[in-house]
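Handing you a structure now.
The values are calculated or read from the model by the stated rules, or taken from the named source; none is laboratory data. Fair warning: this is a prediction, and the values are worked out from it, not measured in the lab. Cβ sites come from the backbone with ideal geometry, for glycine too, and all protein chains shown count toward neighbours. With ligands, DNA and RNA removed, areas are computed over all heavy atoms of the protein, side chains included. Shrake-Rupley method; radii C 1.70, N 1.55, O 1.52, S 1.80 Å.
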Amino acid sequence: MPPATWCEIDLAAPAEPRFQSYWNLADFTAEHSKFSYDEAVARVEERLAAAVASHRQADVKVGALLSGGLDSSTLVGLAHRNGAAKLPTYSIGYREAAPAFCEMPYVDVMTRQDGIENHETTFDAAWIADNTDRILWTLEEPPLAMPAFAQYRMFEFCAEHGATVILDGQGADEITGGYPYHQRAFLKERLLKRQLFVAWSELRTIARRERRSAAMVFFDFFLRHYTRRRPQFPWIAEAGPRTGDPDFAHARADYGRDGSLVNRQLYFDVRWGNVKIVLGYGDRNAMAHSIEARVPYFDRAFVELLFSLPDTFKIGHGDRKRALRDVARRYGAAGNHRARRPHGLWHAG
């Protein structure tokens with residue numbers, strides 16, 4: 001059954017069902033947006049806070065994942081605002097195995113600052129060897145990257161501590177503009193429109209944030225692709241978002257109706273791309289341990305709002321997820337995210 005559709009079947013005379021749409025993501029564009037940036041940030045905070053409040057309602061033990069990154073830290077900050085009862089949080093880190101890449105120090109700061117009960121775990125090569133068969137059976141396909149193993153361990157750990165409902169920060173990148181290719185789309189559109197000063201200014205700001213030269217940032221965005229060798233298995237590179245989708249033939253042509261290249265890319269990410277992988281892995285890994293993983297960033301009202309905002313509210317001033325980052329600053333969470341992470345958890349491109 002296609003998403004966001006309904007059908008009526010006459011049991012006395014069954015016939016081929018005709019599905020009718022009741023909601024379409026493509027209807028939400030920035031064409032008629034009238035918010036100032038400050039008004040938009042306030043609306044983003046309001047909608048996301050409402051989503052978190054509704055998602056934490058349950059008759060069983062509720063907790064939240066806390067990675068130390070921007071997305072999960074923002075959800076935890078919103079969950080505890082206005083004196084709300086503290087949720088226990090669960091983290092995975094590599095303090096000894098990979099301290100340079102471990103974000104547990106950011107978790108430590110937030111849990112100390114807000115008096116949050118946090119539980120920490122890790123995993124190693126021996127654990128992976130012992131659990132690979134179970135994880136592959138759970139996912140029902142070879143995972144795209146190792147984080148699928150970490151996620152499995154994370155939900156297993158939550159279950160060991162008696163949590164049944166878990167707030168998960170998945171989806172923020174695909175909805176608020178969190179990948180480098182969203183910045184590339186922003187710059188590309190300005191260059192195509194001959195807004196050279198705007199493009200150059202943003203490029204230089206990105207370079208300063210990343211402590212690199214503007215020339216190297218430009219090379220990575222627009223030229224590095226042409227210097228790579230062809231993959232050994234070219235059909236993988238050509239596969240696109242999700243070849244198992246029966247509607248995949250339409251995917252390449254369906255980028256929504258927004259006038260912004262960034263917003264059209266976000267539509268593609270949600271409708272056809274990374275989101276299917278994110279939600280599929282998350283659902284399987286959580287339910288393998290009888291965990292109900294809830295994803296506030298996919299709240300309908302929040303998604304509708306973000307897709308109705310201009311691209312400059314998502315990309316700009318050298319930042320990705322610009323509006324979300326300004327919400328996070330109100331809760332001391334914006335600094336938790338490392339300056340640049342090359343790709344999202346499941347992004348394979």
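For T138, T227, what's the largest-to-smallest order of accessible area, 1.4 Å probe?
T227, T138
For W6, tell me the accessible area in Å² from a 1.4 Å probe, rounded to the nearest 10.
W6 has an accessible surface of roughly 110 Å² with all protein chains in place.
Oh, and also: Which peptide among 142-152, 46-56 comes first, and what is the full order, when sorted by highest mean count of other Cβ atoms within 10 Å?
The packing order, highest mean first, is 46-56, 142-152.
Sticking with this one: Taking Cα extents along the principal axes in Å straight from the coordinates, which label in (1) 60, 42, 39; (2) 74, 38, 34; (3) 66, 56, 50 is the correct one?
Matching the structure shown: (3).
Here's a follow-up. Using a Förster radius of 45 Å, what is the FRET efficiency between R211 and D59 based on their Cβ-Cβ separation? Nearest 0.05, please.
The calculated FRET efficiency here is 0.40.
If I compute solvent accessible area with a 1.4 Å probe over the protein chains, what percent of it on the range 156-226 is carbon and sulfur?
56 percent
For H161 paired with D283, estimate the spin-label separation in nm (one decimal), with each label point 7 Å from Cα along the Cα-to-Cβ line.
2.6 nm
Taking R0 as 51 Å, what's the FRET efficiency between Y37 and A126 from their Cβ-Cβ distance, rounded to 0.05?
Calculated value: 0.55.
May I ask you to order 164-177, 318-331 by the average number of other C-beta atoms within 10 Å around their residues, highest value first?
164-177, 318-331
A further question on this structure: Listed here are the pairs K34/K193; K86/K321; K276/K321; K34/K61; which of them are more than 32 Å apart at the Cα?
K34/K61, as the Cα separations exceed 32 Å there.
Over the chain, average the accessible area per residue using a 1.4 Å probe and give it in Å², no decimals. Write down the numbers at each step before the final one.
Values: 18540 Å² over 349 residues.
Here the per-residue accessible area is 53 Å².
Now for a separate question. Rank by packing, highest mean first: peptides 86-94, 193-201, 115-123, with packing defined as the count of other Cβ atoms within 10 Å averaged across residues.
Highest to lowest by the protection proxy: 86-94, 115-123, 193-201.
Further question: Considering only Y297, Y179, Y22, give the residue with the highest GNM mean-square fluctuation for the chain, with springs between Cα atoms whenever their separation is below 10 Å.
Of the options given, Y22 has the highest mean-square fluctuation.
Given contacts defined as C-alpha pairs under 8 Å and at least six residues apart, what's the relative contact order of the chain, whole-number percent?
Relative contact order comes out at 30 percent.
Is the shape of the range 1-66 best called rounded, prolate or oblate, per the rule: a/c under 1.5 gives rounded, else a/b larger than b/c gives prolate, else oblate, with a ≥ b ≥ c the square roots of the Cα gyration tensor eigenvalues?
oblate
Now for a separate question. Would you mind pulling out the separation of the Cα centroids of the range 72-146 and the range 162-176, in Å?
A separation of 12 Å, based on Cα centres.
Another question, then. Compute the length gained on full extension between Q113 and R18: take 0.36 nm times their separation in residues and subtract their Cα-Cα distance, giving the result in nm to one decimal.
28.8 nm
Under the 0.36 nm per residue contour assumption, what length would be gained going from the current alpha-carbon distance of S201 and A85 to full extension?
Extending this stretch completely gives an extra 37.3 nm.
Right, here's the next one. So what is the relative contact order of the range 1-120, in percent, for Cα pairs below 8 Å that sit 6 or more residues apart?
Computed value for the range 1-120: 17 percent relative contact order.
Choose one answer from E292, E156, E16: the residue with the largest mean-square fluctuation in a GNM of the chain with alpha-carbon springs under 10 Å.
Comparing E292, E156, E16 in the GNM, the peak value goes to E16.
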